[in-house]
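Working notes, beginning with the structure itself.
The values are calculated or read from the model by the stated rules, or taken from the named source; none is laboratory data. Quantities reported herein were computed from a predicted structural model and do not represent experimental measurements. As a convention, Cβ positions derive from the backbone with ideal geometry for all residues, glycine included, and neighbour counts pool all protein chains shown.
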Amino acid sequence: MSFQVHSQDFIARSRDALADAPLQSALGKLRMGLSVRRREAVAALPEFEALREEAAALRDYTLATLDRQLETFEAQVRARGGEVHWAPDAASARAIILELCQRYGAKKVLKGKSMVTEELELNEHLEAHGLRCVETDLGEYIVQLRRERPSHIVAPAIHLRKEDVAESFAAHHVGREHADRSTAEALMAEAREELRAHFLSAEVGITGANFAIAETGSTVIVTNEGNGDLTQSLPKVHIAVTGIEKVVPTLEDASTLLRVLARSATGQEASVYTTFSTGPRRPEDPDGPEAYHVVLVDNGRSAMLGTEFEAMLRCIRCGACLNHCPVYGQVGGHAYGSVYPGPMGAVLTPQLAGLDDTVHLPTASTFCGACEAVCPVKIPLPSLLRRWRQRAYDARLDGDRARWLLRLWAFFAARPRLYHPLLSAATMMLGWLAGPGGSFRRLLGGKAWTESRNFPAPEGGSFLAGLQGEEFAPTPRKAPSR
Amino acid sequence: MSDGGRAQILGAVRRALKARSAPSRPAHLVPQRARLQAPELRALFVAQAEGAGAKVQSVADDAALTEALRALAAAHGGVPVVAPASPLAKLPWGASAPALRPVASGDALAVSTAVAGLAETGSLALASGPENPVLSAFLPEHHAVVLPASALLGPSEDLWAFLREQAGVPRGWCSHVPCTGSPGPRAPGILK
């Protein structure tokens, strides 16, 4: 297993992100866009909750029979003229893919959007061996030009504004000094023209796979741009790279997952292109790749089976948990220092990279539960994050200050007769001190919070008091100073 | 490397799953929305496809179809490009024949035939083969798809049944919600 992360400085990166005005402007689109569209799409399908139930049960069934599903998938790919390669870790996956590229004499490699190849740091490996990699997904292409990492698993360039993209195109597109880059449509047209030249000159196309269907040996990609289709159709070799957990038993199972995937990811009823690849070009086919390879990547996934984190293997990489996470929505994806950011990344990254270097990620959650509420395969993300926090505490990785504060809180929380009066007094005091504004711009011990936003004062009675039937009594406020 | 990798991965999976009984498969649910009969099915398909940005045009017969395709290509400054093996090549095109050749980058309009239309999402299902080169859907500036009215289905499950029972699994097939895209075609249209 190898998985490179830069998560140790999550706190410093988060602080920088909160002070980054252009980033905050770009993240505003996320907060107001994708989550609203998801809500509308879900409301339009009465069976959505039942489909979530089915999708979660289906993923559990598939994981419980994973060995059989993988063997069936392999047999079907071979029966249709393709090859399957098994990569236990990132190094072996990189070596397999490089050998395939060299076998076919590749100089240029097209890439469709693929998080697993990001996980493998494949581009860097191929380029170190003299190949040129061209990302064809528009967002991936933009971040590649900027030598950045994707900041979102579905929308890689969500952290950028239109102006940032125009600046990158101006710096990299030769011979387009007078191009109109004032609108998103103009930028898309420019990228389309630039990418077309690459599509016609690459020897190998590498895509990910949203699903691998055991019944037919097909890999499935969903895109909204058609880039993945050209990537896997125009070059003479198609290599599909996917995690072992992406296998599904049948075509009907793929239908179920596709129904919840598109709605959860982008709020669409269906993605624009849902493309199934089944083997190489047949004798009668006028186009399509001459060779078809599937690389099945483990890289830590089998180690999650049978553990308390197995439910994370249900994940279909829709990004809904990112789109609804208040932490991700404030700091963006790069702060996490992992190709998998947000709640799903905060669970997955410690598993893939170890907890020592990723201990901050499970703490990057308010436990509001939005991630679990929108997850199309019902992964209990807050529970999984809590288990990582427990492990960090048990391994003494969480720092002396955090442990001391936890012990202090535990002392009071374990003594209700002391805890409740103190809590009521603190609530009254904070409410009174906050005055008519109802919030604090500065707070002793709360600098990390108030640096970027006001701290809301308690409104009144506690949750427990309400639960016990007490009437809500607003906290008295201090009179405004004149 | 692959053989060793295969044994290593399957071994790890089996060790993790050892002594575990598989849960039963969940019942498969198909949304009611797609369980319609004509003409409601047709109305749903048109509404979904147009909602996604496609232009849907109904034609009565082959002559009207060729005329509509010719007019669509002319509006974009070209002639329709049709695969030589496509049944569309045998239509009564009259004096202004289409270009019977593989599609090339920059062509104004290529024409494909859908194996099915899925009313649930307004999607077109295109199966690859001599009659329908994959690239016809992606390389031209504009893409027109002919959908026979008899090929209108409800959900994708109906398509899977059709492929299993009648057509066989094609090498590649694409369920395509018509929409403008980059680098895909700019403005697909559907004729039926």
Give the stretch A:1-18 a look and list any residue that's among the small types (Gly, Ala, Ser), modelled with pLDDT of 85 or more and part of a loop (DSSP other than H, G, I, E, B), or say none.
A:Ser7
Looking at this structure, is A:Ala311 in contact (Cβ under 8 Å) with a residue 24 or more places away in the chain and more than 14 Å from every other protein chain (Cβ to nearest Cβ)?
no
Within the stretch A:397-482, helices (runs of 4 or more DSSP H) holding 1 or more residues that are more than 29 Å from A:Phe10 (Cα to Cα)
A:400-413, A:416-434, A:463-467
Does A:Ser151 satisfy the criteria of being in contact with a helix residue (DSSP H, G or I) (Cβ under 6 Å, 6 or more places away or on another chain) and assigned to a loop (DSSP other than H, G, I, E, B)?
yes
Sole miss for A:Ala170 among (1) assigned to a helix (DSSP H, G or I); (2) out of contact with any His (no Cβ under 7 Å at 6 or more places or on another chain); (3) within 26 Å of B:His142 (Cβ to Cβ) is condition (3)
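Quick check on my filter: what residues within the stretch A:277-318 are more than 25 Å from A:Cys371 (Cβ to Cβ) and either outside the structural domain of A:Glu215 (by TED's automatic domain parsing) or aromatic (Phe, Trp, Tyr) (or both)? Steps first, please.
Kept after step one, since they are more than 25 Å from A:Cys371 (Cβ to Cβ), are these residues of the stretch A:277-318: A:277-296, A:298.
The answer is A:Tyr292, and nothing else.
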When every residue in the stretch A:221-276 that is facing chain B (nearest Cβ under 7 Å) and acidic (Asp, Glu) is compared, the one farthest from A:Tyr104 (Cα to Cα) is A:Glu269
Do we have A:Arg80 as more than 9 Å from every other protein chain (Cβ to nearest Cβ), closer than 20 Å to A:Thr250 by Cα, in contact (Cβ under 8 Å) with a residue 40 or more places away in the chain and not aromatic (Phe, Trp, Tyr) here?
no
The stretch A:217-258, residues that are among the small types (Gly, Ala, Ser) and either closer than 18 Å to B:Leu139 by Cβ or under 21 Å from the mean Cα position of the chain (by Cα) (or both)
A:Gly226, A:Gly228, A:Ser233, A:Ala240, A:Gly243, A:Ala254
Hey, can you tell me all the residues within the stretch B:17-76 that are of a type in the set (A, V, I, L, M, F, W, C), within 30 Å of A:Val377 (Cβ to Cβ) and either within 14 Å of chain A (Cβ to nearest Cβ) or surrounded by fewer than 13 Cβ atoms within 10 Å (Cβ to Cβ) (or both)?
B:Leu17, B:Ala19, B:Ala22, B:Ala27, B:Leu29, B:Val30, B:Ala34, B:Leu44, B:Phe45, B:Ala47, B:Ala49, B:Ala52
Out of (1) of a type in the set (A, V, I, L, M); (2) farther than 17 Å from A:Arg317 by Cβ; (3) in a loop (DSSP other than H, G, I, E, B); (4) touching a Phe, Trp or Tyr at 6+ places or on another chain (Cβ under 7 Å), the one A:Leu187 does not meet is (3)
Considering only the stretch A:19-136, give the strands (runs of 3 or more DSSP E) lying wholly within it that have at least 1 residues that are assigned by TED's automatic domain parsing to the domain that holds A:Pro235, over 30 Å from A:Glu163 (Cα atoms) and not hydroxyl-bearing (Ser, Thr, Tyr).
A:83-87
Those helices (runs of 4 or more DSSP H) completely within the stretch A:265-362 that have 1 or more residues that are within 18 Å of the chain's Cα centre (by Cα), buried (at least 22 other Cβ atoms within 10 Å of the Cβ) and hydroxyl-bearing (Ser, Thr, Tyr) are A:326-331, A:342-353
When restricted to B:Glu157, B:Glu141, B:Glu120, the only residue touching a residue at least 60 places away in the same chain (Cβ under 8 Å) and buried (at least 24 other Cβ atoms within 10 Å of the Cβ) is B:Glu120
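Got a number for residues in the stretch A:149-163 being under 28 Å from A:Cys318 (Cβ atoms) and surrounded by fewer than 16 Cβ atoms within 10 Å (Cβ to Cβ)?
Start the filter on the stretch A:149-163 by keeping residues that are under 28 Å from A:Cys318 (Cβ atoms), which leaves A:149-162.
Pick out the ones that are also surrounded by fewer than 16 Cβ atoms within 10 Å (Cβ to Cβ) and you get A:161-162.
The total comes to 2.
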Tell me, yes or no, whether the stretch A:180-188 has at least one residue that is among the acidic types (Asp, Glu) and buried (at least 21 other Cβ atoms within 10 Å of the Cβ).
no
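Could we say that A:Ser168 is surrounded by 15 or more Cβ atoms within 10 Å (Cβ to Cβ), among the hydroxyl-bearing types (Ser, Thr, Tyr) and touching a residue at least 60 places away in the same chain (Cβ under 8 Å) here? Talk me through it step by step, then tell me what you get.
On the way: surrounded by 15 or more Cβ atoms within 10 Å (Cβ to Cβ): yes; among the hydroxyl-bearing types (Ser, Thr, Tyr): yes; touching a residue at least 60 places away in the same chain (Cβ under 8 Å): no.
Answer is no for this residue.
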